[in-house]
């Protein structure tokens with residue numbers, strides 16, 4: 001079984017050479033934050049991920065979580081690893097200094113999230129969800145709520161959840177029934193059942209703070225009548241210590257396809273004491289603070305599964321001997337050649353590599369936009385970053401997770417029969433990966449958000465700033481002879497992206513169902529073009545370094561070769577997505593339900 005090795009060199013390349021981390025922090029006026037500090041985090045994060053989390057990746061999957069009368073026990077080693085994570089101060093990286101945090105920008109912690117997630121995604125979900133709870137309370141909580149919950153959440157001694165889904169409703173939150181009854185003391189009694197709650201119950205922290213959507217009496221129907229509440233597992237005493245047990249309990253845990261080390265819980269709220277966070281009936285608006293972070297975190301998951309597939313398949317392909325190269329033996333002293341010499345094996349490995357490294361650039365770029373939203377001094381710059389982040393988040397979440405699943409599948413394929421059994425770890429990677437395309441909004445929902453709400457409802461206004469970024473980049477490198485192979489196709493597709501948008505919009509004016517029919521192909525088209533932009537930037541840096549002379553020739557040549565592979569073998573997929581969009585919605589809707597059931 002392969003052992004995860006954190007791609008620290010590539011992380012540095014993206015952060016420092018492509019995205020200019022020091023320049024980014026200087027622009028934000030962050031005097032004490034720089035690439036040297038982040039580099040120290042990378043080194044220590046790599047050690048923790050490789051030495052503490054990777055060894056319990058497979059064992060955590062095989063053992064899974066245990067449920068006994070409402071008590072959930074995590075797999076062997078999970079609790080101990082979490083204690084070391086808290087002791088190391090990792091949960092507090094981005095927290096507010098007022099509440100014990102280190103006050104670092106989002107971009108400083110994102111690589112750590114990638115490393116812990118790739119080493120052991122199931123484990124990483126426990127601390128990962130807490131960041132969203134912290135962000136929600138920071139943004140919408142009262143001062144008293146902040147003082148009550150943020151110190152322990154920030155330190156990691158308590159963890160957080162998001163409680164949205166109910167047995168009768170998943171993504172359509174307008175249907176939820178959980179009730180919140182006002183009490184004389186200003187609290188609320190929360191009653192209802194939530195399902196699929198990740199880390200809803202476990203043995204790794206002293207308290208669990210649930211962020212819960214519920215309805216007040218006489219609340220408007222649908223999403224306009226949803227409020228948000230803080231409901232802790234244990235009530236908190238005046239001195240900040242854990243008090244009596246609240247009326248919230250785990251009814252069961254799910255038996256799942258993957259991420260078995262992560263407890264996915266049915267949570268029963270039986271008149272549990274809760275506190276309103278944010279305005280009444282505006283819970284969904286407040287929850288988006290949580291959801292946007294969760295979606296960025298899920299985009300990281302796509303990168304993680306692609307990276308793990310790439311590492312595992314390369315290691316296997318170097319060692320596995322099978323057949324001879326068509327152009328003659330490459331291992332003449334052995335009975336056969338290593339399978340890595342065969343073009344089709346290279347195709348699969350390079351696909352995972354291109355998705356992992358291109359996805360890394362996109363996610364790290366998004367984290368820098370998040371820094372600007374929170375820290376930029378100019379309001380116009382904050383709004384511009386927020387709008388761009390809103391457009392790119394559904395692309396990153398959906399496209400990168402679909403790419404992660406494809407990569408995980410290819411990881412199995414490279415390993416052949418060995419990939420299908422547990423020994424090599426590739427089958428677990430695929431099982432763990434699939435949920436990423438479902439939770440935090442399925443690919444279809446992200447696609448409708450992108451095409452319907454973000455693009456068409458703004459008449460293309462939300463899209464234009466991003467296509468303008470790409471256009472300006474292509475103009476800037478147009479005269480560089482060594483960049484034409486990247487700039488010319490990127491420029492052409494960037495223009496075509498706008499043309500496709502207008503065509504879909506015109507069709508939708510005649511039949512609104514055209515939006516749903518085109519949305520996923522539109523999102524995938526958008527994802528391939530967006531990743532092409534980042535691969536062009538990486539190719540430019542690589543060529544510059546090679547021209548200047550470098551002691552790391554292999555690294556930069558490998559980067560350039562991967563960029564060429566992406567442009568020649570993956571980017572052409574946009575033609576199929578364009579053709580599917582042009583195929584329209586009629587062929588989807590013409591067949592009747594009865595005919596489908598035959």
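The values are calculated or read from the model by the stated rules, or taken from the named source; none is laboratory data. Remember, it's a predicted structure, so these values are computed and weren't measured experimentally. In this analysis, Cβ positions are derived from the backbone assuming ideal geometry, glycine residues included, and neighbour counts consider all displayed protein chains.
A few comments on the model shown:
- Residue that is farthest from residue 432 (Cα to Cα), among those in region 32-47 that are in contact (Cβ under 8 Å) with a residue 40 or more places away in the chain, touching a helix residue (DSSP H, G or I) at 6+ places or on another chain (Cβ under 7 Å) and not in a loop (DSSP other than H, G, I, E, B): 38
- Filtering region 432-451 to residues that are surrounded by fewer than 18 Cβ atoms within 10 Å (Cβ to Cβ) and part of a helix (DSSP H, G or I) leaves only 444.
- Only residues that are in contact with a helix residue (DSSP H, G or I) (Cβ under 9 Å, 6 or more places away or on another chain), assigned to a loop (DSSP other than H, G, I, E, B), more than 17 Å from residue 285 (Cβ to Cβ) and in contact (Cβ under 8 Å) with a residue 60 or more places away in the chain were counted in region 195-226, giving 5.
- Exactly one residue out of 101, 60 is in contact (Cβ under 8 Å) with a residue 40 or more places away in the chain, over 19 Å from the mean Cα position of the chain (by Cα) and assigned to a loop (DSSP other than H, G, I, E, B), and it is 101.
- The residues listed here are 116, 136, 161; of these, the one that is in contact (Cβ under 8 Å) with a residue 24 or more places away in the chain, surrounded by 24 or more Cβ atoms within 10 Å (Cβ to Cβ), under 17 Å from the mean Cα position of the chain (by Cα) and part of a helix (DSSP H, G or I) is 116.
- Within region 18-31, the set of residues being assigned to a helix (DSSP H, G or I), more than 16 Å from residue 93 (Cβ to Cβ) and within 23 Å of the chain's Cα centre (by Cα) comprises 18, 24.
- The residue list 525, 556 contains one member that is at pLDDT 95 or above, more than 24 Å from residue 396 (Cβ to Cβ), crowded, with 21+ Cβ neighbours inside 10 Å and touching a helix residue (DSSP H, G or I) at 6+ places or on another chain (Cβ under 7 Å), which is 556.
- Candidates 191, 124: the one that is within 23 Å of residue 48 (Cβ to Cβ) and either within 25 Å of the chain's Cα centre (by Cα) or at pLDDT 95 or above (or both) is 124.
- Residues of region 560-598 that turn out to be on the phi > 0 side of the Ramachandran plot and surrounded by fewer than 11 Cβ atoms within 10 Å (Cβ to Cβ), as a count: 0
- Filter result for residue 268 (surrounded by fewer than 24 Cβ atoms within 10 Å (Cβ to Cβ), at pLDDT 90 or above and in contact with a helix residue (DSSP H, G or I) (Cβ under 6 Å, 6 or more places away or on another chain)): no
- Subset of region 63-80 that is assigned to a loop (DSSP other than H, G, I, E, B) and touching a strand residue (DSSP E or B) at 6+ places or on another chain (Cβ under 9 Å) - its residue that is surrounded by the most Cβ atoms within 10 Å (Cβ to Cβ): 74
- Any hit, region 239-260, residues being surrounded by fewer than 16 Cβ atoms within 10 Å (Cβ to Cβ), touching a helix residue (DSSP H, G or I) at 6+ places or on another chain (Cβ under 6 Å), farther than 23 Å from residue 280 by Cβ and in contact (Cβ under 8 Å) with a residue 40 or more places away in the chain: yes
- Hits in region 408-431 - residues which are over 24 Å from the mean Cα position of the chain (by Cα) and either buried (at least 23 other Cβ atoms within 10 Å of the Cβ) or not in a helix (DSSP H, G or I) (or both): 414, 415, 416, 419, 421, 424
- Long-range neighbours under 8 Å by Cβ, at least six apart or interchain, first residue farther than 14 Å from residue 361 by Cβ within region 1-16, second modelled with pLDDT under 95 and buried (at least 19 other Cβ atoms within 10 Å of the Cβ): 1/424; 1/425; 2/424; 2/425
- Residue that is modelled with the highest pLDDT, among those in region 325-348 that are buried (at least 16 other Cβ atoms within 10 Å of the Cβ) and part of a loop (DSSP other than H, G, I, E, B): 342
- Of all residues in region 474-491 being under 31 Å from the mean Cα position of the chain (by Cα) and within 14 Å of residue 560 (Cβ to Cβ), the one that is surrounded by the most Cβ atoms within 10 Å (Cβ to Cβ): 486
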